[in-house]
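Note sheet for the following structure.
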Amino acid sequence: MWWPALKQWRSRFKTADGLRGWVRDGVAGLSLASMNIPQVLGYARIAGMPAVTGLYTLLLPLVAFAAFGSSRHLVVAADSATAAILSSALSQMAEPGSVHYRALVSMVALLCAGFLLVARLFRLGFLADFLSRTVLVGFMAGVGIQVGLVMLFDMLGLSAHTHQPLYQVWEFLQALPHAVPQAFLLSALVSMSLFLGNRFLPHKPWALLVVGSSICASWFYRFQVHGLSVVGPVEGGLPVLNIPWVGWDDMLALLPVATSCVFVMIAQSAATSRAMADQFNETVDENADILGLSAANAVAALSGAFAVNGSPTQTAMAVRVGARSQKAQLVFAAITVCVLLFLTKPLQFLPRCVLGAIVFNVAISMIQVRTLWHIRRESPGEFGLAMITALTVVGLGVEQGIFIAIALSLFRHVRHSYQPHTMILKEDTQTGAMEAQSVKAGLQPESGVVVYRFCADLFYANCHRFVEDLRLIAETSHPPVHCIVIDASAITDVDYSAAVAVRNVLSLLQQQHIRVIFGRVSSYLRSDMNRHALSDVLGAENIFPQLHTALAEARLYAQKQSKS
């Protein structure tokens, strides 16, 4: 078993362009570190944990997901959604930052790892299939707006005291007169530099240059003395591995917290990895990603960090700076080791407004305006779904936005199945091809035969449409119809409620001396018809695997009926 696993490991980091690919991803990993290392310090503050634990999430969890996950782009590390869940739930159980609190946070990560492993065993990665591209675009736009709003506080030298986006808007407007002019000017300069750099030289590490020069300028000119807040002291050193332990009562209280985090992890990571895969025309294995998340959270717990997640913001950053594989994340982890050992002191001079401007520019890039415009032009209804998803993320939060996205995708699918296309097929006298017509009263059957197509599976919500169409054909056709041929090519499944309705209408048509023949019956449909006794009501002689044989039988029967 170890040899296939080793081959799979090697294939994850095999590069098509050799040294050039390693150099590209190495530079991307360096740029990613320059942007994300300061950012995770803020996530640690949101989670109520010491700043150094944010750096720990960029060490072993990155390596674990790179080893077991399938996504080439997903960055699994500290994330604002899970950090906010932890702080809001665990602050009621212990003092944030205390030894007990840190043990609770690490235990949540360990529980998440166990739940994710169970989710992988039950192959729950299929949840990503219920996220359409439309709602994914809306989800990413909502996350971009939410993160950008938070970063506006840092860009103007302000502090946010709430995690609810709508309240943050009101708080921002109230605090705007107290904005620090120096922070605004420096943020504007950084934003303009990043915009121009990414526009004209998009593959250069501009963020790295901005971070390095701002740290040097802050140290030389003592920005904190002139009203500009900086990141501040950061503890150094590598993590010490140990197993977190809490009491049984605390363990039971942590179960719902871990469950909430797991739902967010699966849905958000799947949404982000699927969006990146669509962007690069790649495929992902969501179940492998769940296993990668499980491994990442397990090592996060053992290293004293907090729960990690697939981060839309950090993943967008990785793509922006040119990362095309998990090699960039390995370089990122290696740089984090160097920072923990040697560079935590210079990091304290980084201005918060510079960090906010970098993240703000990435957040804005997550709003795919051009794609939204195309969706609006081609499908206004789907554009509405994307907007509802984005507004839900902004108004209620990321976790609620994910569930709304799944619900909207399911609703759209059910709506299409609930109102399926139905049609009458008539043979063109010149070409002999079957042409589609709408189902309406007063049909004129050809030689007493009508060919009817129902373009969906039959289930409890749409079977009434099937019944109503057949009754309309039988009662209003002129001259009277002798045989109805049902093109069942789109029907692969019949549930119990639909089977009852179909049996009733078949019996009604038989009483009216109208024969019903099913054509293009697949093996799946035939199995359901046998199980629900539809075959007994119809008779085996009225079930055909091809349409042309069913149509020939119907015409022969109609001719006999016309002569009699």
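Every read-out reported here was derived from the displayed coordinates using simple, explicitly stated rules and does not represent laboratory data. On a predicted model such as this, the values are computed, not experimentally measured, just so you know. Glycine also receives a Cβ, built like all others from the backbone with ideal geometry; neighbour counts cover every protein chain displayed.
Helix 206-221 against the longest principal axis of the chain: what's the angle in degrees, Cα atoms only, rounded to the nearest 10?
Long axis of 206-221 versus the principal axis of the chain: about 30 degrees.
Take every Cα-Cα distance within the stretch 420-562, group them into 5 Å bins from 0 onward, and report for each bin the whole-number percent of pairs it holds.
P(r) for the stretch 420-562, in whole percents per bin: 2, 10, 21, 26, 23, 12, 5, 1, 0.
For the ranges 408-419, 76-87, what's the packing order if you count other beta-carbon atoms within 10 Å of each residue, average per peptide, and put the highest first?
Top to bottom by mean Cβ count within 10 Å: 76-87, 408-419.
Suppose the chain between C216 and F280 were pulled fully straight at 0.36 nm per residue; how much longer would it get relative to their current alpha carbon spacing?
On the way: separation 64, 0.36 × 64 = 23.04 nm, distance 3.68 nm.
Here the segment from C216 to F280 would lengthen by 19.4 nm.
Which value, in debye to the nearest 20, describes the size of the charge dipole of the chain about its Cα centre when Lys and Arg Cβ atoms bear +1, Asp and Glu Cβ atoms bear -1, and nothing else is charged?
1220 debye
Could you work out how much longer the chain between C455 and W248 gets when fully extended? Use 0.36 nm per residue separation minus the Cα distance between them, nm to one decimal. Could the numbers behind the result be given before it?
On the way: separation 207, 0.36 × 207 = 74.52 nm, distance 5.50 nm.
So the chain would gain 69.0 nm between C455 and W248.
Between S507 and F411, what is the FRET efficiency for a Förster distance of 25 Å, r being their Cβ-Cβ separation, to the nearest 0.05? Please report the intermediate quantities before stating the final value.
Working: r = 34 Å, r/R0 = 1.37.
With R0 = 25 Å, the Cβ-Cβ based efficiency is 0.15.
Taking 0.36 nm per residue of separation and subtracting the Cα-Cα distance, what length does fully extending T431 through F263 add? Working shown, then result.
Numbers: separation 168, 0.36 × 168 = 60.48 nm, distance 5.55 nm.
Going from the current span to full extension adds 54.9 nm.
Could you count how many Lys pairs in the chain have their Cα atoms under 23 Å apart, skipping same-chain pairs fewer than 8 positions apart?
On the way: K7/K327; K14/K327; K204/K327; K426/K440; K426/K560; K426/K563.
Close lysine pairs under the 23 Å cut-off: 6.
Using the per-residue mean of other Cβ atoms lying within 10 Å as a proxy for protection, in what order, highest first, do the peptides 172-181, 188-197, 56-65, 461-470 fall?
Averaged packing, sorted descending, gives the order 56-65, 461-470, 188-197, 172-181.
What is the percent of Cα-Cα separations in the chain that go past 36 Å? All intermediate terms of the calculation are to be shown ahead of the outcome.
Working: 74265 of 158766 pairs.
Everything past 36 Å amounts to 47 percent.
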